[in-house]
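Data first, discussion second: the structure below is written as structure tokens.
The values are calculated or read from the model by the stated rules, or taken from the named source; none is laboratory data. Fair warning: this is a prediction, and the values are worked out from it, not measured in the lab. Every residue, glycine among them, receives a Cβ derived from its backbone with ideal geometry; neighbour counts consider all protein chains shown. Protein only, heavy atoms only, side chains kept; ligands, DNA and RNA dropped before computing areas. Shrake-Rupley method; radii C 1.70, N 1.55, O 1.52, S 1.80 Å.
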Amino acid sequence: MLKLGEKGVIPQNETDSYAIAPHIPCGFVTPDLLRKIADVSEKYNAKSVKITGAARIAIIGLKEDDIDSVWEELGLEKGAAVGLCVRSIRTCPGTTYCRLGKQDSVGIGMKLDVKYHAFKLPGKFKMAVSGCKLSCSESWVRDIGLIGDRDGWIITIGGNVGSQPRIGKELISGLDDAAALKVVDDVINYYKENAKGAERLGKMIERVGLEPFAEAIKR
């Protein structure tokens, strides 16, 4: 039986059944890619194809012997679905497609994806970008959340879902794109250097408070 995350797969309830989740940056796909996923899933008798909460497309119910062939035929990067790393970046349509958007969530989300998808960190790490305060990408419950406003980006840190959900804390606001990306870098670097064990960012904030992060972004 394959181990969790090996070859980019997720073991299912049945011992000989696996799911894979290709990396789909910010959840945007082309018709050609959808056709390829459908064709490969059908060829290898997948039991289901699921749109996940992280805006990936999981192919479920594959046999172990077929995993390598499925990846080869898809020709896609493996999604960071498990492990201590940055998972897929969630975004809403933002100003690209939504009349309510105040900031370009798609553009900045794609930049974060290029730099940070699968980036190794002390604990599991999730980010979301919302183009307005409706926060459709659920930025408030992510380790780092970006929320668009007329005056720029609001950045929240320390949120998460799970058995002990947390609402993130607002760290700074009124940032342009470049400044927001710099703050994300500073927060991640401080977390990477100072986290204990595999603690999530929210747990770390409970331990050290918000002030060290505020100081880190000032530097």
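Laid out as a table, the results:
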| item | result |
| --- | --- |
| Sparse-neighbourhood loop sites, GluC sites (Glu not before Pro) in segment 165-219 - DSSP loop, at most 16 other Cβ within 10 angstrom | E199 |
| Gyration tensor (alpha-carbon) shape descriptor, segment 1-128, a/c threshold 1.5 | oblate |
| Trypsin sites (Lys or Arg not before Pro) lying in DSSP loop within segment 139-188, provided at most 10 other Cβ fall within 10 Å | R150 |
| Cβ charges +1 (Lys, Arg) and -1 (Asp, Glu), total dipole of the chain, debye | 580 |
| When each of K102/K192; K78/K115; K111/K133 is checked by Cα-Cα distance, pairs over 19 Å | K102/K192; K111/K133 |
| Structure-based [θ]222 nm, the chain - -39500 (n - 2.57) summed over DSSP H runs of at least 4, per residue, nearest 500 | -9500 deg cm²/dmol |
| FRET efficiency for D151 and E211, using Cβ-Cβ distance with R0 set to 22 Å, rounded to 0.05 | 0.40 |
| C98 versus L134: modelled label distance in nm, points set 7 Å from Cα along the beta carbon direction | 0.6 |
| Most to least accessible of C136, C92, C98 (protein chains only, probe 1.4 Å) | C136, C98, C92 |
| Karplus (6.51, -1.76, 1.60) ³J(HN,Hα), θ = phi - 60°, over segment 130-140, in Hz, Gly and Pro reported as x | 10, x, 8, 6, 5, 6, 4, 8, 6, 4, 5 |
| Those lysines that a straight Cα-Cα span of less than 16 Å connects to K196, excepting residues fewer than 8 apart in one chain | K120, K124 |
| Partnerless cysteines, meaning none of the other Cys C-beta atoms lie under 4.7 Å away, in the chain | C26, C85, C98, C132 |
| Antiparallel content of DSSP bridges confined to the chain, in %, to 5 | 75 |
| Label selected from (1) 1.07; (2) 1.16; (3) 0.98, the criterion being Cα Rg over 2.2 N^0.38 Å as computed here | (1) |
| Whole-Hz ³J(HN,Hα) from phi, Karplus 6.51 cos²θ - 1.76 cosθ + 1.60, for segment 180-197, glycine and proline x | 5, 5, 5, 5, 4, 4, 5, 5, 5, 5, 5, 4, 4, 7, 10, 5, 9, x |
| Relative contact order for segment 142-219, counting Cα pairs under 8 Å that sit 6 or more residues apart, in percent | 27 |
